[in-house]
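This report concerns only the one structure given below.
The values are calculated or read from the model by the stated rules, or taken from the named source; none is laboratory data. Worth saying up front: this structure is predicted, and the values here are computed from it rather than measured. Here the Cβ positions follow ideal geometry from the backbone for every residue, glycine too, while neighbour counts run over all protein chains shown.
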Amino acid sequence: MKFEVNEIKAIVAHELGHWHNNDQYKIMLFLSLEFAFVFYLFSLVINNITILKSFGFLEKSNFASLVIFMKFYEILIFLTGKLQTAFIRRLEFKAD
Ligand SMILES: [Zn+2]
């Protein structure tokens, strides 16, 4: 793959734009908050006997809790993925 000098300058300038805008810290904070939120939700689900019984389990089970949470997480990751994409795109436009 071969690039023109102006293309390389544009790429380097874009990456410097990320550095100038402190995007690495913004992304780290965003992902930390997202992970904290996911772990908080998991803490609500793990070994919650009401939720476990609604899925047919008769007693507490870490494994069953994890499987149930992963089903909810599929929906959650779809929603947070949209938010994450919007956030990253905003940073990309600002870096240009
Ligand atoms: Zn970028």
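Computed quantities for the displayed model
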{"read-out": "Helices (runs of 4 or more DSSP H) wholly inside the chain containing at least 2 residues that are aliphatic (A, V, I, L, M) and either touching a residue at least 60 places away in the same chain (Cβ under 8 Å) or within 16 Å of the ligand (Cβ to nearest atom) (or both)", "value": "5-20, 23-45, 62-95"}
{"read-out": "Filter pass, L52 being surrounded by 15 or more Cβ atoms within 10 Å (Cβ to Cβ), touching a Lys or Arg at 6+ places or on another chain (Cβ under 7 Å) and within 30 Å of I11 (Cβ to Cβ)", "value": "no"}
{"read-out": "Hits in the range 17-44 (condition: modelled with pLDDT of 95 or more and over 15 Å from the mean Cα position of the chain (by Cα))", "value": "G17, H18, W19, H20, N21, N22, D23"}
